[in-house]
C-alpha cells in the first residue's frame with residue numbers, strides 16, 4: 001500500500017495560519033500540482049526501503065542526472081573536511097554534492113534545511129538547521145556532534161539558494177560558521193563550484209516579489225519544478241583543491257575569510 005509522505009492539505013490543516021486554512025480545496029489542489037506532490041510521493045514509495053547514501057544513488061538514477069566533473073582528483077584521501085558549494089539549484093546541487101562525497105567516502109553528514117527531515121530516506125545523513133530563524137537546542141547539539149566527528153560534512157554556506165542580482169545569478173554573502181568550525185575542528189575546506197542556474201520562471205517570480213516588496217519567499221514553491229526540470233540533464237561541477245584550515249589566520253575576520261573562499265570558488269569557472 002502506498003504511503004503519503006508529502007501531504008500539503010494535512011500540513012495546512014495542522015498549521016496555525018487562518019489564511020491557509022481558508023483556502024478553497026481547488027486552490028490547495030493547484031498548489032499540490034505545483035509542488036509535484038504526487039510525483040514526489042511516487043518516488044519516495046518506490047525507494048521506501050532505501051536510505052542514506054544508497055538513496056542518493058537511486059534518486060540520481062531516477063532523475064537520470066549525469067555529472068560532468070572537473071577536478072575530481074582534488075578530493076582528498078581523508079573525508080574529514082567541509083565540502084562547500086555555491087547553491088544555484090536548490091536541491092539538485094545538494095543531490096550531486098552529497099552523491100559525490102558519499103560515493104568517495106561511503107558516508108557523510110549534510111547540513112541542510114530541516115524540511116528534508118520530512119523525507120525518512122534522508123534522515124540518516126541530514127544535520128538539520130532552520131535556515132529562516134533560530135535553531136532549537138537539539139539542532140545545535142546535533143551539529144556540534146557532527147563537527148566533532150570524523151564524518152565528511154557537506155554545506156552550502158550561503159544558506160539560501162542563489163538569486164538574480166544585477167543580471168547575474170550568484171549566492172548572497174556566505175555565513176562565517178564554516179570558517180570558525182573549520183579552524184576549531186581542524187577541517188580543511190574543499191570547494192565545489194556548480195555551473196548553471198534555475199529556470200527564467202524562478203527568477204521572474206523572485207524579481208516580481210522583490211519589486212512588490214513581498215517578504216515571503218514565494219519562489220520556493222517552484223523548487224519541485226526546478227528539480228524535475230533537471231531530469232535527463234548534465235550537471236557540471238568544478239572541484240577545487242582543498243584549502244587548509246591553517247589558512248584562516250587572524251589577518252581577517254571569519255566573516256571576511258568566508259567571502260574570500262566564496263570568491264575563490266567562483267573563480268574556478
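The values are calculated or read from the model by the stated rules, or taken from the named source; none is laboratory data. Please read all numbers here as calculations on a predicted model, not as lab measurements. Reconstructed Cβ throughout: ideal geometry from the backbone, glycine too, with neighbour counts over all protein chains shown.
Scanning region 128-138 for residues that are at pLDDT 85 or above and over 17 Å from the mean Cα position of the chain (by Cα) yields 137, 138. With respect to the conditions (1) crowded, with 16+ Cβ neighbours inside 10 Å; (2) out of contact with any strand residue (DSSP E or B) (no Cβ under 7 Å at 6 or more places or on another chain), residue 84 lacks only one, and its number is (2). Residue check: residue 77 meets all listed conditions (1) farther than 22 Å from residue 160 by Cα; (2) at pLDDT below 95 but one, namely (2). Here residue 245 clears all of (1) under 23 Å from residue 95 (Cα atoms); (2) in contact (Cβ under 8 Å) with a residue 40 or more places away in the chain except the condition numbered (1).
If the condition is being under 13 Å from the mean Cα position of the chain (by Cα) and free of Cβ contacts under 8 Å to residues at least 60 places away in the same chain, then region 100-127 contributes 109, 110, 111, 112, 113, 114, 115, 116, 117, 126, 127. The listed residues are 109, 58, 70, and the only one of them that is within 24 Å of residue 186 (Cα to Cα), modelled with pLDDT of 95 or more and assigned by TED's automatic domain parsing to the domain that holds residue 188 turns out to be 109.
Which residue is farthest from residue 222 (Cα to Cα), if the candidates are limited to region 33-42 and must be crowded, with 16+ Cβ neighbours inside 10 Å and touching a helix residue (DSSP H, G or I) at 6+ places or on another chain (Cβ under 9 Å)? Can you show your working first?
Taking region 33-42 and keeping what is crowded, with 16+ Cβ neighbours inside 10 Å, we get 35-37, 40-41.
In the following step, the residues that additionally are touching a helix residue (DSSP H, G or I) at 6+ places or on another chain (Cβ under 9 Å) were identified as 35-37, 40.
On the way: 35: 7, 36: 9, 37: 12, 40: 14 Å.
Among those that are crowded, with 16+ Cβ neighbours inside 10 Å and touching a helix residue (DSSP H, G or I) at 6+ places or on another chain (Cβ under 9 Å), it is 40.
Just the residues that are in a loop (DSSP other than H, G, I, E, B) and under 17 Å from residue 231 (Cβ atoms), please, taken from region 3-57. The answer is 35, 36, 47. Here residue 199 meets the list (1) at pLDDT 95 or above; (2) surrounded by 13 or more Cβ atoms within 10 Å (Cβ to Cβ) almost entirely, failing just condition (1).
Show the residue pairs that are 6+ apart or on different chains and have beta-carbon atoms under 9 Å apart, the first residue being within region 134-151 and over 22 Å from residue 81 (Cβ atoms) and not assigned by TED's automatic domain parsing to the domain that holds residue 79, the second being surrounded by 15 or more Cβ atoms within 10 Å (Cβ to Cβ) and at pLDDT below 85. The qualifying pairs do not exist here.
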